[in-house]
Amino acid sequence: MHAASVRASRAISAEGREAAPRGAVRVPRRPAVPQPRPTDRFAELLLAVLSGQRPVHAMLRHTAGRAYDELARLAERGPLRTHGTRPVVRDIGYFVPREGAIEAFARIGAGDRLRAMAFRLERGRDLRWRCTAVELGGPRPHRADDR
C-alpha cells in the first residue's frame, strides 16, 4: 500500500516531466548572473591603485613575483591620478598564451586623455588569478636587477 501512495503522489505532466506535488510552491529560477572576467576585475583593481583610490597594499594577495614591487613603484608616481575627471577603464583586450595565463591590456580614459596599461595574470594551484606583471604606456626604465 505504501508503494501505491508514493506512485500516486508523483503526477506526470502532459510534457512528460514530473509535476510538483499539490500545495508545493514553485520558486522561479533566477537567470545566472554573469561573472566578471578576471581581466575586467584586475583592470579595475589596478586602476584603483594607480589612480590613488586604493592603497598599494590592497593588491598584496592579488599579486605574485615582482608584480607587487612594479605596482608599488608605479603607484608612487601616481601616474593615473587626475584633477577633475575620474579615470575609467574604457576597453580591455587580452591574449591567452597558454592555459592558466592571460596577457591583457586596458585603455584608461580620463576626460579626453587616454593611457595604456598592460598586465599579465596567472592562475595558481589554488585556482585564483594573480597579477604577475604590470606596465603603463611608454618604455620601461632599466633596472640594475634586470641584467
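Bear in mind that the values in this text are calculations on the coordinates, not laboratory data. A quick note: this is a predicted structure, and the numbers were derived from the prediction, not measured. Reconstructed Cβ throughout: ideal geometry from the backbone, glycine too, with neighbour counts over all protein chains shown.
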Along Cα→Cβ, 7 Å out, is where each label goes; now give me the distance between the ones at Glu135 and Arg90 in nm to one decimal.
2.1 nm
Backbone HN-Hα couplings from phi across region 100-113 [Karplus 6.51/-1.76/1.60, Hz, Gly and Pro as x]
x, 9, 9, 10, 10, 9, 9, 9, 10, x, 9, x, 9, 8
Sorted largest first, the C-alpha extents of region 32-147 along its principal axes in whole angstrom are 47, 40, 24
